[in-house]
Amino acid sequence: MTSSSSALQQISKSSRAAKTGAWLVGMGVLHFVAPKPFDTIVPEELPGTPRFYTYASGVAEIGVGGLLIAPKTRRIGALSAIALYLGVFPGNVNMVRMWFNDPTKSLPMRIGAIARLPLQIPMITQAWKIYKES
């Protein structure tokens, strides 16, 4: 029973990393397929064009996702995911700042923007679990 329990735990750990990695790769690809929504949340105060940051974050998400999917690079991938989640947080804060009083944004969109902020915590926690388990 112990060996099957241990095997299930290993599958669960592997599955967590693979699912997180696949989700990041998918989101990264979305930055290239449909960049406009991502462009709109890039803080205007940053130098350069919003599209540069959209593509750069897409590349980062694809790269981090790939690191999480591959078992040999999972630990560095988990730490990279934490850095990525912290790095995109200012864009999420900026989205709330821009959308909060914008009458062109629906109430569900504004609530969704606000809800994204605390969601960073479980994402970081998930990446930390992957790091510790790898």
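Read-outs: derived from the displayed coordinates by stated rules, not from any lab. Just so you know, these numbers come straight off a predicted model, no measurement behind them. When we count neighbours, we look across all protein chains shown, and the Cβ atoms used for this are built from the backbone with ideal geometry, even at glycine.
Here are the numbers:
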{"item": "Dimensionless Rg/Rh of the chain - Kirkwood Rh, Rg from C-alpha atoms", "result": "1.06"}
{"item": "Label zone at residue 125, where the point sits 7 Å out along the Cα-to-Cβ direction: the range 53-97 residues whose backbone N lies under 16 Å", "result": "82"}
{"item": "Relative exposure of 133, 61, judged by other C-beta atoms within 10 Å (fewest first)", "result": "133, 61"}
{"item": "Peptides ranked, highest mean first, by Cβ atoms within 10 Å: ranges 68-75, 112-119, 45-52", "result": "68-75, 112-119, 45-52"}
{"item": "Partner lysines for residue 19 [C-alpha distance under 18 Å; skip if fewer than 8 residues away on the same chain]", "result": "72, 129, 132"}
{"item": "Spin-label pair residue 22/residue 110, simplified geometry with 7 Å Cα→Cβ offset, distance in nm", "result": "3.7 nm"}
{"item": "Helical contribution to [θ] at 222 nm, DSSP H n ≥ 4, -39,500 (n - 2.57), averaged over the chain, rounded to 500", "result": "-28500 deg cm²/dmol"}
{"item": "Estimated dipole of the chain in Debye, rounded to 20 [Cβ of Lys and Arg +1, of Asp and Glu -1, Cα centre]", "result": "460 debye"}
{"item": "Footprinting exposure proxy for 33, 96, 59 (fewest neighbouring C-beta atoms within 10 Å first)", "result": "33, 59, 96"}
{"item": "Set of lysines near residue 105 by C-alpha distance (under 29 Å), chain-local residues within fewer than 8 positions excluded", "result": "36"}
